[in-house]
Amino acid sequence: MILRAGRARAAGDALRVGLVTPSTGPLASFAEPDAFVLKRFEAALSKGAGGRPVEILVKDSQSNSNRAAEVASQLILQDEVVLLLAAGGPDTVLPVADQAEINGTPSLATSCPWQPFVMGRGSAPETGFNSTFLFAFGLEDVIAAYLKLWENVPTNRKVGLLLPNDADGNAWGDAKFGFPPALAAAGYEVIDPGRYQPMSDDFSAQIAAFQNAGVDIVMGSMIPPDFTTFWTQAAQQRLRPKVATIGKSLLLPNVLQGIGAAASGLTTELAWHPDLPFVSAATGESGRDIAKAWTAETGKPWIQTLGLKHGLLDIGLAALRGASDPTDADSIIAAIRKLDVETTMGRANFGASPIANVAKSVMLGGQWWHSPEGFTLEIAANPTSIDIPVTRPVEPLPAL
């Protein structure tokens, strides 16, 4: 599994697979489970595909899209990988996919809405791409989860948007397929103060706009440092909405731990939870198995990225095993197009998807609660048709 130079050419030589992930920088928390997940796959990777073991070459995107493109190019042209994997949001996934598409290299990704992956790269749902694929949710799934979270909380239905000027923020705020038209159609009034620059140190303008409009709901997609700054300044300036639903930065508990008890009651999308009723095709593990092993090894509570990275390895290995020749790009691409495999984040069925090159994953709504033992992420809303019980119904943010 550890990383040697030279392409596999002789029969029995290892198949080299590249993994681009934000090991450092503001998104580094999204790569926290990488080493743990790779260890869980040791036996499956050793068994490999087509009579060859699989080696994973990990490259750090440094939470920077230019760096992500650079290391993806290195993996393709220098390390000559047979498959690229990527996760960590659009800033990691999109540049990696672009490099793979340019070079005709098969790639698979998770943890990125399909809209920026498809439309943001100049394609359309019915068109797709030659060699790049995504197993993830869509903005429509996040919207459905957020609306489900909010429907049982009495509010004035005024929503303030907090969206950065980046790939994620521009997709979420898109006037055609983003949140504004969907919220308006659902009867919500949208207060949009415009895109802010990532790593901003002053959210006074946004806070003032929300206070002047009297919003009861604040929602957006933010990297962890931006949300911490906003939430701290919101408390200082006496902005306390009834609901705050923030994507990306609230996926993991470390951000909430940095804020403390004032983060209790925050809501977010929930792309993976140990209670999801799925089992890994490659390792045979359930979500509960993975979460229990993680806590036993690290002493920490489970995190969503455990299941997302586990699912990425599942589909990557399944693609190689489904290929008639796992050293040939066209063979791997053909295998992905008809891939139908169960992972701990749901079933990845590319052949049945109405969106070219995309298989849809599960999306729920979650709410964080603080206790003396730390933060717990509960399933607070299930907008899907899958039988996944709510573990604690959503409640308004507690008063400070």
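The values are calculated or read from the model by the stated rules, or taken from the named source; none is laboratory data. Computed from a predicted structure; not experimentally measured. Positions of Cβ are backbone-derived with ideal geometry, glycine not excepted, and every protein chain shown enters the neighbour counts. Surface accessibility is based on the protein's heavy atoms, side chains included, excluding ligands, DNA and RNA. Shrake-Rupley method; radii C 1.70, N 1.55, O 1.52, S 1.80 Å.
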## Note on the structure
Once the dipole of region 165-260 is set up from charges on Cβ (+1 Lys and Arg, -1 Asp and Glu), the residue from the list PHE179, ASN165, LEU239 lying farthest towards its positive end is LEU239
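With contacts defined as alpha carbon pairs under 8 Å and 6 or more residues apart, what's the relative contact order of the chain in percent?
Working: 870 pairs, mean separation 66.1, N = 400.
Over the chain, the number comes to 17 percent.
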### Query
Pairing the Cα long axis of helix 224-236 with the longest principal axis of the chain, what angle in degrees results, from 0 to 90 and rounded to the nearest 10?
10
### Query
What are the residues whose amide H is under 5 Å from the amide H of ASP174, where those residues sit 5 or more places off or on another chain and H is modelled from the backbone?
PHE179
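In debye, nearest 20: dipole of region 38-125 around its Cα centre with unit charges on the Cβ of K, R (+) and D, E (-)? Let's see the in-between values first.
Values: 7 positive and 9 negative charges, 62 e Å.
In debye, rounded to 20, region 38-125 gives about 300.
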### Task
With unit charges on the beta carbon (Lys/Arg positive, Asp/Glu negative), name the residue among ALA319, LEU308, SER331 whose Cα is farthest towards the positive pole of the charge dipole of region 303-348.
LEU308
### Task
With an 8 Å cut-off on Cα pairs and a minimum separation of 6 or more residues, tell me the relative contact order of region 117-192 in percent.
28
### Summary
For the chain (alpha-carbon point model, no solvent) the Debye-based log₁₀ I(q)/I(0) at q = 0.06, 0.09, 0.11, 0.14 Å⁻¹ works out to -0.22, -0.50, -0.75, -1.21
### Message
What whole-number distance in Å separates the alpha-carbon centres of region 65-120 and region 268-291?
### Response
25
### Summary
Counting only protein heavy atoms and leaving out ligands, DNA and RNA, the solvent-accessible surface of TYR146 at a 1.4 Å probe, in Å² to the nearest 10, equals 0
## Note on the structure
In whole percent, the fraction of accessible protein surface over the chain that belongs to carbon or sulfur atoms, probe radius 1.4 Å, stands at 50
### Task
Leaving ligands, DNA and RNA out of it, work out the accessible area of SER46 with a 1.4 Å probe and give it in Å² to the nearest 10.
80
### Task
Could you size up the charge dipole of region 258-400 around its Cα centre, putting +1 on the beta carbon of Lys and Arg and -1 on that of Asp and Glu, and report it in debye to the nearest 20?
100
### In degrees, nearest ten, helix 65-77 long axis to first principal axis of the chain (Cα)
10
### Task
Take GLU269, GLU126 and sort them by solvent-accessible surface of the protein heavy atoms, 1.4 Å probe, largest at the top.
GLU126, GLU269
## Note on the structure
So the angle from the long Cα axis of helix 287-298 to the longest Cα principal axis of the chain, reported in degrees to the nearest 10, equals 90
### Task
For VAL93, VAL58, write out the residues from largest to smallest accessible area, computed with a 1.4 angstrom probe and no ligands counted.
VAL58, VAL93
### Mean-position separation - Cα centroids, region 326-371 and region 20-40, in angstrom
20
### Task
Using a 10 Å cut-off on Cβ atoms, rank the peptides 95-104, 244-253 from the highest mean neighbour count down.
244-253, 95-104
#### Entry: Calculated P(r) tail over 25 Å for region 1-155, as whole % of Cα pairs
35
### Query
Lys/Arg Cβ at +1, Asp/Glu Cβ at -1, dipole of the chain taken about the Cα centre: which of ALA348, LEU45, TRP294 is farthest positive-ward?
TRP294
